[in-house]
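See below for the structure under consideration.
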Amino acid sequence: MQHFTIKPGKPLAEQAELGHNRWHPELPFLGNVKPGEEIIIETLDFLDAQILDNDDVSDVRDIDLTRAHPLTGPFHIEGAEPGDLLVVDLLDIQPITPVGFSGVFAKSNGGGFLGDYFPNAAKAIWDLRGIYATSRHIPGVRIAGLTHPGLMGCLPSAELLAEWNKREAPLARVGLAKPPEPSTAVLRGVKGPKFDAMAKEAARTVPPREHGGNTDIKDLSIGTRIFFPVYVKGAGYSMGDLHFSQGDGEIAFCGAIEMDGATHIGFDLIKGGMAKYNVTAPIFLPSPTKPRYDQYITFEGISVENGKNYYMDATVAYRQACLKAITYLQNFGFTGEQAYMLLTAAPVEGRIGGIVDIPNCVCTLSIPLSIFDQDITPKGMLNQGPFFGRH
């Protein structure tokens with residue numbers, strides 16, 4: 001079985017033969033895989049080895065986000081042609097070092113979903129032991145992992161890349177998207193004038209797009225099957241940004257328990273699958289296995305913020321649910337920053353509760369109770385024990 005290895009702790013620029021941190025159709029392939037074949041792909045953490053195992057938050061505060069998402073790949077899948085569907089089976093996902101991290105980016109450098117409320121950088125280092133993660137920076141919590149890749153996808157065609165750059169350019173001009181950034185681009189196997197030309201148009205990896213990319217879906221765990229549209233000959237599958245655990249929405253941006261890891265993958269093809277099934281973006285069959293959390297505490301948010309009614313805005317409603325959860329957790333000894341990092345690292349469940357009752361959309365955020373070493377449910381005069389007598 002082919003095994004593509006990394007050197008943990010070394011940035012992608014120092015092991016550029018591994019892969020890339022931009023999307024471009026002309027990237028040379030890292031390896032060749034046949035349908036039916038299985039391989040193991042090792043990947044660096046999403047911040048390219050910039051975060052250190054210490055208590056100093058300056059590495060998060062001063063992070064260079066243009067280096068985000070070192071990807072291992074792209075892989076040539078024999079027989080893949082534009083219009084096919086690439087079938088990817090996630091057979092196993094494991095950390096390759098015993099340490100992960102999560103954090104909050106400073107509002108002045110990256111920010112996050114709650115950047116207006118938590119403008120300063122914060123960091124949590126997590127110890128990964130078996131299926132559990134604990135952190136000295138968020139004591140009193142133990143999380144059962146749901147390992148998954150945050151970022152997977154196939155190379156875009158030249159036409160699709162041009163469309164991305166065209167439609168994102170107006171947003172980039174007002175700071176709402178990130179344009180190509182040649183200075184920190186890593187494009188494996190490309191040098192000289194060709195590198196300069198490709199780096200000027202190669203797309204950054206932070207947003208998800210039609211090919212998949214940085215979707216950060218926590219349920220794409222071991223046992224998941226994914227169907228990716230193929231846009232170039234050979235497909236050009238790449239992956240990275242492995243997570244030990246994550247909550248729905250990854251609200252802190254530096255939010256999951258990020259890790260170096262190894263993924264065991266199987267491949268297949270559906271010839272002409274895009275037209276046959278009318279597929280223009282990835283679809284997936286979720287894993288049948290996940291940590292068993294039976295009881296949750298759920299917080300509700302509506303699309304009202306700072307006294308203003310936002311008509312049916314699910315983003316505002318989910319933000320309000322998150323803020324209510326953070327405020328509540330501070331009753332049990334957590335700081336606001338600790339609660340924020342916990343919501344983004346733990347496998348919280350985010351839902352749209354109501355999307356039809358004008359003018360307010362409703363979203364909920366549910367936290368599994370058993371990750372805490374204390375009972376965090378409200379108590380009445382007759383109910384002094386854990387919720388329903390169990391924890």
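Observations on the structure shown:
- Test: residue in the range 156-165 that is of a type in the set (D, E, K, R) and assigned to a helix (DSSP H, G or I): yes
- Out of V33, V87, V60, one residue alone is hydrophobic (A, V, I, L, M, F, W, C), over 21 Å from the mean Cα position of the chain (by Cα) and crowded, with 17+ Cβ neighbours inside 10 Å. It is V33.
- One residue from G273, G307 being more than 13 Å from D248 (Cβ to Cβ), without any contact (Cβ under 8 Å) to a residue 24 or more places away in the chain and of a type in the set (G, A, S): G307
- Check on L242, on the phi < 0 side of the Ramachandran plot, within 17 Å of the chain's Cα centre (by Cα), assigned by TED's automatic domain parsing to the domain that holds H137 and assigned to a loop (DSSP other than H, G, I, E, B): no
- Scope the range 290-316; condition more than 23 Å from F244 (Cα to Cα) and within 21 Å of the chain's Cα centre (by Cα); matching residues: A314, T315, V316
- Qualifying residue in the range 44-67 (condition: assigned to a strand (DSSP E or B) and within 18 Å of Q246 (Cβ to Cβ)): no
- Selection within the range 126-158: residues that are more than 18 Å from the chain's Cα centre (by Cα) and among the hydroxyl-bearing types (S, T, Y). The member of this set that is nearest to L52 (Cα to Cα) is S135.
- Residues of the range 248-279 classified as part of a loop (DSSP other than H, G, I, E, B), touching a strand residue (DSSP E or B) at 6+ places or on another chain (Cβ under 7 Å) and over 14 Å from E42 (Cα atoms), total: 8
- Residue in the range 196-209 that is touching a residue at least 12 places away in the same chain (Cβ under 8 Å), touching a Gly at 6+ places or on another chain (Cβ under 9 Å) and either within 25 Å of K271 (Cβ to Cβ) or assigned to a helix (DSSP H, G or I) (or both) present: yes
The values are calculated or read from the model by the stated rules, or taken from the named source; none is laboratory data. Note that this is a predicted model, so its numbers are computed, not measured. Note: ideal-geometry Cβ built from the backbone for every residue, glycine included; neighbour counts use all protein chains shown.
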